[in-house]
Amino acid sequence: TRVEFLDYEAVVDYGWSLDDDELFRKAGHADLAPDAHGRLLVHPDESLLEAAERSGFAWPFSCRGGACANCAVYLAEGELSQPTDHIMPDDLAERGFRLSCNGYPLTDELSIVFNVKQRPELDDLIL
Ligand code: FES
């Protein structure tokens, strides 16, 4: 699976919005650092977080077991699995929030914003 990723810090810095359809196009024009916007490949049987680490990126995490939301990402395109054993409430999952530590791609292409743990709606979940 090919993943296009974007750091939430850049979204904040530029005053962009997560639900902006043009978000990744804008990121492509913003000349961001390679670890803030780019692409990586997720191998079969690899979680999104594992793929990012194998690719040399340091994305936030803590428990690695679906219990803390430090690893949360926002799914702009594609689908990432959401195991039943996790902390993410249904309403946030419906809005596109997923956990990268136990999320496995279900589509060939994904666009995700990582580092969304600082979003206010995730505050209560961060341990
Ligand atoms: Fe804790 Fe993913 S690292 S839920």
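The values are calculated or read from the model by the stated rules, or taken from the named source; none is laboratory data. Model, not experiment: these values are computed from the prediction. Neighbour counts are summed over all protein chains in view; Cβ atoms, including those assigned to glycine, are modelled from backbone coordinates with ideal geometry. In case anyone asks, the SASA skips ligands and DNA or RNA and just uses the protein heavy atoms, side chains included. Shrake-Rupley method; radii C 1.70, N 1.55, O 1.52, S 1.80 Å.
Table for the structure above
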{"item": "Coarse-grained scattering of the chain at q = 0.23 Å⁻¹, given as base-10 log I(q)/I(0) from a Debye sum over alpha-carbon atoms", "result": "-1.55"}
{"item": "Full-extension gain in nm, residue 14 to residue 108, via 0.36 nm per residue minus C-alpha separation", "result": "31.0 nm"}
{"item": "Residue-count net charge about residue 57 - beta-carbon cut-off 10 Å; Lys, Arg +1, Asp, Glu -1", "result": "-2"}
{"item": "Histogram of C-alpha separations across the stretch 11-74, 10 Å bin width, %", "result": "18, 42, 35, 4"}
{"item": "Solvent-accessible area, 1.4 Å probe, carbon plus sulfur percent, for the chain", "result": "45"}
{"item": "The stretch 1-97: trypsin sites (Lys or Arg not before Pro) in DSSP loop, at most 14 other beta carbons within 10 Å", "result": "95"}
{"item": "Probe 1.4 Å, protein heavy atoms only - accessible area per residue of the chain in square angstrom", "result": "52"}
